[in-house]
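Each remark here refers to the structure printed beneath this line.
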Amino acid sequence: MTKPAAVKSRIRARMTSLVLLMFFISAVALLSIVPPRPGRASQQSTPYTEPRWMAKLRARQAAISTTSSSGASVLNNVDVSNEPGPQSETMITLNTLNPKILAAGSNEIFRNPQRTYFSKNGGTSWVGADQPLTDEEGTTWTFASDPGVAIDTQGTIFFSQLLVMVQRTITGDAMIVNRTTDGGASFSRGVILKKDLSSGLGDPSLLAVLKTNPSSPLTQI
């Protein structure tokens, strides 16, 4: 190949390379400005939308009272026991003649007697009292459990309890009922419904009373 021909060949090769480089740069620039085709997923993130339950969470944190769909007002929680430690097997009832009068009972996990509670203002505030551990025959029991509570048509409040005797092991139990007419300031003698000092342990059901006649035997409880 002559010298001029070799020079022309090199120039032609460089020109071809330059043309290809310019084509590549143009293609990249074109792709950067062309919008994505319809239906192709966008690479942009979806704007944040607050979940609907966030408003409820903020209301709870602010202790704002809410109204249910039935129109009943839902107020803040109230510490009924006002005592350290847990309570269990809670029971509550109201006076049908005056619904603002409430009575409740619970086990005391770290203390022996059963606990009773009373409210005269619909549950806004409460007072408490220990239910006696002694039955009408004078037997003093080790601890109480399984509360039951009821208010009769005369407004008398009745509390049932399972009394347990422990001497290394459980040696007996009794089911008794006390009544109070002064909000737990005093209790009647514990009327025995069932008593067994040789075995146990029973599991009482709910307590219910109905006293419409003053001469009813229930007046003796």
For L133, L162, L197, which order do you get if you count the other beta carbons within 10 Å of each Cβ and list the fewest first? L197, L133, L162
Report the gain in length on full extension from A55 to N112: 0.36 nm times residue separation, minus Cα-Cα distance, nm rounded to one decimal. 16.1 nm
Sorting V164, V191, V74 on the 10 Å Cβ count, fewest up front, what's the list? V74, V191, V164
Inter-probe distance in nm under a simple model that places probes 7 Å from Cα toward Cβ, at V74 and A62: 1.6
Each label sits 7 Å from Cα toward the beta-carbon; between Q154 and A185 the label points are separated, in nm, by 1.9
According to a simple spin-label model (label point 7 Å from Cα along Cα-to-Cβ), what is the distance in nm between M15 and L193? 11.3
Please work out how much length the chain gains when fully extended from T134 to K120, using 0.36 nm per residue of separation minus the C-alpha to C-alpha distance, in nm with one decimal. 2.3 nm
Gain on full stretching of the segment that runs from T171 to T90 - 0.36 nm per residue minus C-alpha separation: 26.6 nm
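Can you put R111, R189, R60 in order of Cβ neighbours within 10 angstrom, beginning with the fewest?
Going from least to most buried by this count: R60, R111, R189.
No lab work stands behind these numbers, since they all come straight from the coordinates. This is a predicted model, so every value here is computed, not measured. Neighbour counts run over all protein chains shown; Cβ positions are idealised from the backbone, glycine included.
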